[in-house]
Amino acid sequence: MKLQCVECGVTYPTSEIVVRCMCGGLLDVVHDLATLRQTVSASQFDERLTIRSGPLASGVWRFAELIFPDALSCVVSAAEGNTNLYASPRLAQWVGAEGLFLKHEGENPTGSFKDRGMTVGMTHARAVGARAVVCASTGNTASSLASYAARGGLPALVLMPAGGVAAGKLSQTVAYGARTIEVRGDFDQAMRLIREVAVSENIYVLNSINPFRLEGQKSIAFDLLQQLNWEAPDWIVLPGGNLGNTAAFGKALREAVDLGLIRRSPRLAVIQAEGANPFYRAFRQEFQHFQPVIAKTVASAIKIGNPVNYPKAVRSIVQTNGIVEQVTDQEIMDAKAQVDAAGIGCEPASAASVAGVRKLIATGQINRGDRVVAILTGHLLKDPVTTMEYHQGKLSDVVPTYPNHSTVIEGTLDQVRSIVRTLLVS
Ligand SMILES: *Cc1c(COP(=O)(O)O)cnc(C)c1O
Ligand SMILES: [Zn+2]
C-alpha cells in the first residue's frame, strides 16, 4: 500500500503525514491489486457477517484488505456501517422507480456516513503519531471527528461556517468536546484556512481531501453490493458536495470489478443542489471547464462552492459512464418530506439523491425498471429546524407540498375525540 498523486504519479509511503502531493495534486491510496486478486473473495467477506464484536464486526473493517490492511490491531472503531438497505413501495411509487432501494448512512454511530471515513482516518492519524486532528466542516465531519478524536484520545479542532451549521451537528460537536470555531464566512473559506494552518502547524487534516477517509467511504459501496448478494444495481445515486463520496465510490467500483467481486460496474448519478452546482455545470461542458460558485441551498451539508475532490470525482463519472444532475431546494424538501413520511427519514442533503432519481426517471435518463440504490447520507435528527420550517411553511423559496401540522389544544377530551375521529375517517 502506498500513496500516489493523481496528477503527476509521484508516490509517498503511508507512514508519513502528507495531505497533498508537492505538485498540489490529490493523493490516492494504491493497493496491491495483483496480490489482492489472489487473496480476497466475496465469500470471505460474507463469512465475516456473523462476527459480532471487534473490528471485523464493523461494516468498514470487514473489508480491511481493500481499505487499510495491517491496521486491525490499532483501529478506532464503533462498528460503523452495516446500515439498512430499505425498500419502500410507497416511496418507489412516488419516485417512479420500481427497483428503488435506500441505503441509510444516517444510521452510522454519529448519524452520517462521515463515520465510515473517520474510523479509517483517525486510525491512520494515530498510526503516524499525529499530535492533533483538524477539519473544516458543514457539520457532519465535525461531529464525527469530535466523537472519534475523543475515543482515540487526540485533541480536535473544527472550523465551521458561523450560522451555517444545522442544530444537531453543532450541538454534537460541542458535546463530544472538540475545540469548535465558527468562522464568519462560508465553508469554502473555512477550508482554505484549514489547509494553511495544517501545513504551518503540521497537524493532521481529516477533511475528505484525506485519502484514508475516502478508503473508509468506499465501504458504503462494498456494504451495499454485499447486501445485494454482489449483484450490482444499475445505478447508485448520491448527493454531491465536496465530492468525497463520488471519488470514493468510483474507486470502490473500479476495485470491485478488478477483483472480481462484481461482474459489471453500476453507473453513478451525482445530484447537486441547483444553488451549489459547480460539478453539474462542469459536467454539462464535458468537464472542459471548472468554475467554483458561491453556494446557496437549504441543504447545508452540500452547500459547497469549490469541491476539493473535483479531479477524482471527474474520474469516477467518466469511468462509470455516470451523470450529474441538479435539483432545486423545493424538490429536495419535497423529497425529504416523502422519505420522512415513509418512516425512514433523512436530513435535507440526503433527500437530493431521491429528488434526483425522480427527476432522472421523469427525463428518461433512468428507466423505471432499473435497479437503483439511492444513498441517504445523514439522519433526520441532524437538522430538526429545517424540518419544522418546511412543515410550517417558513422556508424561503420553498412551498410545503406535503405539510404535516402539529395542533396545540387546551387539553379537553372533546378536542382529542374529534381529532381522533378525523383520523379514523381518512
Ligand atoms: C458530507 C455530506 C454530504 C456531501 O458528501 P461529499 O462526499 O462531500 O460530496 C452529503 N450529505 C451529508 C448528510 C453529508 O454529511
Ligand atoms: Zn503530484
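A few comments on the model shown:
- In region 1-114, the portion of solvent-accessible area held by carbon and sulfur atoms comes to 51 percent [1.4 Å probe, whole percent, DNA, RNA and ligands not counted].
- Net charge, residue 62 excluded, C-beta distance under 13 Å - Lys, Arg +1, Asp, Glu -1: -1
- Volume of the Cα convex hull of region 331-384, divided per residue and given in Å³: 74 Å³
- Charging the Cβ of each Asp and Glu at -1 and of each Lys and Arg at +1, and nothing else, the dipole of the chain about its Cα centre rounds to 220 debye.
- Protein accessible area in region 157-247, 1.4 Å probe - carbon and sulfur %: 49 percent
- Taking each DSSP H run with n ≥ 4 as -39500 (n - 2.57) and averaging over every residue of the chain yields -12000 deg cm²/dmol at 222 nm.
- When the solvent-accessible area of region 272-352 is split by element, carbon and sulfur atoms take up 47 percent of it, the probe being 1.4 Å.
- Region 291-309 versus region 191-265: alpha-carbon centroid distance in Å: 19 Å
- Separation of alpha-carbon centers, region 398-414 and region 54-92, rounded to whole Å: 40 Å
- Selected from 121, 25, 280, residue furthest toward positive end of dipole (the chain; charges at beta carbon): 25
- Under the span-like rule (Cα at least 15 Å along the axis, Kyte-Doolittle mean at least 0.5), DSSP H helices of the chain: 348-362, 413-425
- Candidate aspartates and glutamates - alpha carbon under 19 Å from residue 312, same-chain residues fewer than 8 apart omitted: 7, 28, 188, 215, 255, 258, 286, 325
- Per residue accessible area in Å² of region 250-345, where ligands, DNA and RNA are left out and the probe is 1.4 Å: 38 Å²
- Here residue 169 is the anchor, and the lysines within straight C-alpha reach of less than 17 Å, apart from those fewer than 8 places off in the same chain, are 114, 303, 382.
- Bridge type composition, the chain - antiparallel percent by DSSP, nearest 5: 25 percent
The values are calculated or read from the model by the stated rules, or taken from the named source; none is laboratory data. As the structure is a prediction and not an experimental result, all values here were calculated from the model. Note: ideal-geometry Cβ built from the backbone for every residue, glycine included; neighbour counts use all protein chains shown. With ligands, DNA and RNA removed, areas are computed over all heavy atoms of the protein, side chains included. Shrake-Rupley method; radii C 1.70, N 1.55, O 1.52, S 1.80 Å.
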